[in-house]
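One structure is given below, encoded as structure tokens.
Coordinate-derived values only; no laboratory data. Just so you know, these numbers come straight off a predicted model, no measurement behind them. Every residue, glycine as well, gets a Cβ built from its backbone with ideal geometry; the counts of neighbours run over all protein chains shown.
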Amino acid sequence: MPKLAEIDLLREVFIPEMRDLIETASSALLLLERDATNGPAINDLFRAVHTIKGTAGMYSLPTLVEMVHSAEDLLGDVRSGKIALQGEIVDDMLSCFDEIRIWTDSLETTGALPPTASQIARERSQRYKRWLASPDKIPDAVADSADAALSPDWFDADLRATCGDYLPGDGSRQAFFVRLSPAADCFYRCDDPLGVLRAIPGKLWHDVRPRAAWDRSESFDPFRCNLDFYCITDAPLASVEDALRPVRSAATIHLVTGTGLQKELSPPDQEDEIEGFEFLLPLPDASPVDPPQVTPTQAEAPKAAAAPPTSEPRGAAERALKVDPGKVDALVNLLGELVVAKNGLPFIAQRADRLPDARDLSRDIKDNYAAIDRIAQELQTAVMSIRMLPVAEMFRPFPRLVRDVSRKLGKQVDLVLEGETTEADKTVIEALSDPLVHILRNSLDHGIELPDERLAAGKPAGATITIRAAQEGDRVLIEIRDDGRGIDPDKMRRSAMAKGLISAATAEQMTDAEAVDLIFLPGFSTATEVSDLSGRGVGMDAVRHGVKSLGGTVAITSQVGKGTSVTLGLPLTMAVTRVMTVEVDGQLYGIPLEQVDQTVRVAPRDMHRIKTAETFVLRDKVLPLVRLRNLLALPERRSETESVLILRLAGMTIGLVVDAFNSGMEVILKPMAGMLRDVSGYAGTAVLGNGKVLLVLKMQELI
Amino acid sequence: MPTAYEGTTVRMPRTCPQEDAVPLSAWLCAVDNPQVDLSECEDMHPAVLQCLLAFEPSVVGMPSDAFLRQLLHGLRCRL
């Protein structure tokens, strides 16, 4: 168990790192399942699993090491082709990753692994060992040569012959092979690889070799290190790691298996560190580690520094800075305050204007204001871009989801992801995740047919679900399209009628598109059987509600037999809200601009009273009329022509009478806090340039 | 005791510091059939070790330290 002092470090470093690694490993495994020859995926998978093990070792979590170690053994056999990567193995591996995820959560909340961990680890490693011992395993002789094939390049015949006698080939005890390949300039950095080698405990054998042929001329530079050190030790890994610590980035540790070396036991982040190092100090023959699994190209590195990380391959993105979202939020808040403070300057300039002989002062304030305004705007763009995440973040769990669900349902589904580099605000990405999962499950469960059914309909047995993200103006559009059976509008009408959601007359008047739209009605579910995947009757209704609460839209189109497409549209950023300001009783109020359709002036003769309700006619349509003064319990006021705001609320169009229209503006909306939190009718407040507070109304709650 | 260069033989001290590396490499490069006496040597800077491995002088006295001896096993020993 980790010591108390380590727990903070564990929370900050280990847990996010572990989650990333599990994601990487899972997605690589899924890629590999689809294409067993996918080289980068194999390397990603191995590197991630390795690092999980190494990291767990560093934080003294032997239970986790035990489980991952046996999983790694199994993967090793899969990589060398001794065992085929079957669906069951992938299931096993994925559930292993799930287990690690659960343990990580437990570490985060309680600081310890769950009490069942050691038992689970034991069961799992036994399970993996059973896979290893399966009858179709190739005999040992071949296995040995496979070991040899797995050994790193530098472990050549010469080296093998030199140290061969010291390799515990019978596997009777655990031994590690250490290679120390210090950088050429290590002596200048006061590294002492020889001292480190001397300090490694339990050495069975050690040797030194030149890395390149010696330059025996007068220009020989004794301070340019050309030495590689090797040793075999049977000391515990932790003490070997300890001894190597001063030069860890230059060392590789391999577990000795049979007559070969396997499993480079590298500490986490090592590759990253080395990549950066090589980029900064391009030393021709100073590769500090053997590079079998690391393939960074030097051309990539400068690009990564210049361009935003999201347009880069994943490797580059991983080098990006990780920042606590809270810090960014704090930055956004400060920015909001800066904007408010800045907007106060024009008022001061106006005051200065009124003073005698203060023209110059006023002009200077205005000049300064212009400069601060420009900087604030650029700052705003920059801060907003920090909050922008590629939608790929949100797409990450989907391949796994589609795989698991389709396997469970016996369907063949290919998931195509497009536009993964499209960016949107973090809050949008986070809020979209659940609705998307819902849509995807609906599609898998109801949209996609079984392979036989598809073949009978003249379609390929394997279905395709495409998730496409794109930016359109200041909105991000996400489309989920499947080529399944589509939604039958007639069935929708009948189903809605049977559930008493619509009347027969309404059903008859409905267009097909409107009938398909019924899927969004609360309490509507077309599934005849309720599965554990979707179809609990809350599905699409919840999706529309979730997306709408973010100021988004959901649209669905479907063709019977051809497939269904659901499109979500959301604002790119949530931090800035656009409001229309209106004046009522001398006070300004904000109304979210997305609810405002248009503004009109209506003469009293166009208004009609039907019983107690007021209405008016707009382009041959009778619309209900509501007075904001009444809603806010302010004294009534009638004028020659009324200023009416046409609002769209939950599919309804209404007219809202206000005293006067004011400008539209962008504000940073703060939700009501403290005692005001429970006051309904207000979306929040924003501070105006003159220091006054703008109340932003939540019309849905007022009417 | 400091490093002692005597004709074609150099006697290395108990601990060979990194300051020895440059003069030693120059000497090894200049002298024909150089000989090195390491019998008193117990530790050396890797830069010094590197000079010995590069120019492969004859060793007229192996170090008593087993760790060093193992690393120098490739050098011809002339006792």
Mean Cβ count within 10 Å, highest first, over the residues of peptides A:591-603, A:182-194: A:182-194, A:591-603
Extended-chain gain in nm, criterion 0.36 nm per residue less alpha-carbon gap, A:ARG601 and A:ARG407: 63.8 nm
What is the mean number of Cβ atoms from other protein chains located within 10 Å of the Cβ atom of each residue in peptide B:49-59, rounded to a whole number? 4
Can you sort A:GLU393, B:GLU40 so the residue with the fewest Cβ neighbours within 10 Å comes first? B:GLU40, A:GLU393
Residues whose placed amide H lies under 5 Å from that of A:ASP597, excluding near-sequence neighbours: A:ILE646, A:LEU647, A:ARG648
Calculated from backbone phi, Karplus (6.51, -1.76, 1.60) coupling profile of region A:468-473 in Hz, x at Gly/Pro: 10, 10, 8, 9, 9, x
To the nearest whole percent, what portion of all C-alpha pairs in region A:545-692 is separated by more than 24 angstrom? 44 percent
What's the average, rounded to a whole number, of partner chain beta-carbon atoms within 10 Å of each residue's beta-carbon in A:326-335? 0
Under the rule of at least 5 residues apart or a separate chain, name every residue whose amide H is placed under 5 Å from the amide H of A:ARG211. A:LEU227, A:ASP228
Taking amide H positions as placed 1.01 Å from N in the peptide plane, with prolines and chain starts having none, which residues 5 or more places from A:ASN662, or on another chain, fall under 5 Å of its amide H? A:THR581, A:VAL582, A:GLU583
Ordered by fewest other Cβ atoms within 10 Å, a rough proxy for footprinting exposure, A:LEU628, A:LEU572 read A:LEU572, A:LEU628
In terms of the ratio Rg/(2.2 N^0.38 Å) built on C-alpha atoms, what value belongs to region A:1-119? 1.06
Could you run the Karplus curve 6.51 cos²θ - 1.76 cosθ + 1.60 with θ = phi - 60° over region A:632-638 and give me ³J(HN,Hα) per residue in whole Hz, x for Gly and Pro? 9, 6, 9, x, 6, 8, 10
In whole Hz, the Karplus estimates of ³J(HN,Hα) for region A:227-243 (6.51, -1.76, 1.60; θ = phi - 60°; x where Gly or Pro) are 10, 10, 10, 10, 7, 10, 9, 10, 6, x, 3, 4, 6, 5, 4, 4, 5
Output the Cα-based Rg and Dmax of region A:371-506 in Å, rounding Rg to one decimal and Dmax to a whole number. 19.9, 68
Rounded to the nearest Å, the spacing of the alpha-carbon centers of region A:196-227 and region A:544-586 is 66 Å
For region A:543-594 the mean separation of alpha carbon contacts under 8 Å (6+ apart) over residue count, i.e. relative contact order in percent, is 25 percent
